């Protein structure tokens with residue numbers, strides 16, 4: 001079974017029946033826990049020619065510490081590598097000048113004694129200039145509902161996020 005990167009728990013159920021119509025059921029909890037984790041924080045988009053800051057976070061959820069190797073890659077090229085003792089968390093950053101009109105790929109990894117974790121994402125790059133859009137931004141609390149009536153008959157895109165940080 002492949003678990004997601006976050007620390008979480010599932011309840012699993014198994015129901016079975018034999019050829020003699022005997023049945024049974026079992027329930028158990030499955031926990032996913034990674035003692036070392038690497039996450040990446042990058043902008044939602046970039047403008048060609050921008051200088052942006054990519055942030056990598058190495059997290060240790062165990063009680064012991066150890067030396068980890070941390071690496072930043074941009075478009076599959078090694079930009080920065082360092083080693084340090086990881087007790088709780090280490091924040092790394094990399095300055096990147098955007099020099100493309102398509103997208104830019106970021107990867108941040110940590111390694112310790114054969115174990116590796118990391119995150120890889122692409123950031124779309126747009127040309128310099130002004131791009132105008134119309135729409136509505138709404139904060140929905142609990143069971144809030146709203147109605148939106150577009151002025152134009154063009155495709156409608158709805159985006160919902162449960163975290164305020166990307167906004």
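The values are calculated or read from the model by the stated rules, or taken from the named source; none is laboratory data. Please read all numbers here as calculations on a predicted model, not as lab measurements. Here the Cβ positions follow ideal geometry from the backbone for every residue, glycine too, while neighbour counts run over all protein chains shown.
Within the range 22-51, the residues that satisfy the criterion of being assigned to a strand (DSSP E or B), touching a residue at least 60 places away in the same chain (Cβ under 8 Å) and closer than 20 Å to residue 98 by Cβ are 40, 46, 47. Name the residue, out of 99, 48, 76, that is over 30 Å from residue 151 (Cβ atoms) and either in contact with a helix residue (DSSP H, G or I) (Cβ under 9 Å, 6 or more places away or on another chain) or surrounded by fewer than 11 Cβ atoms within 10 Å (Cβ to Cβ) (or both). Answer to the selection: 76. Close contacts from the range 96-114, counting a first residue that is without any contact (Cβ under 8 Å) to a residue 24 or more places away in the chain and a second that is surrounded by fewer than 15 Cβ atoms within 10 Å (Cβ to Cβ), with Cβ to Cβ under 6 Å and a gap of 6+ residues or different chains, come to 103/122; 103/124. For residue 138, the conditions (1) in contact with a strand residue (DSSP E or B) (Cβ under 6 Å, 6 or more places away or on another chain); (2) outside any strand (DSSP E or B) all hold with the exception of (1).
The residues in the range 28-65 that are at pLDDT 90 or above and more than 24 Å from the chain's Cα centre (by Cα) can be counted, and the count is 1. In the range 118-136, the qualifying residues are those that are exposed (fewer than 10 other Cβ atoms within 10 Å of the Cβ) and either modelled with pLDDT of 75 or more or closer than 30 Å to residue 90 by Cβ (or both), and the one that is nearest to the chain's Cα centre (by Cα) is 127.
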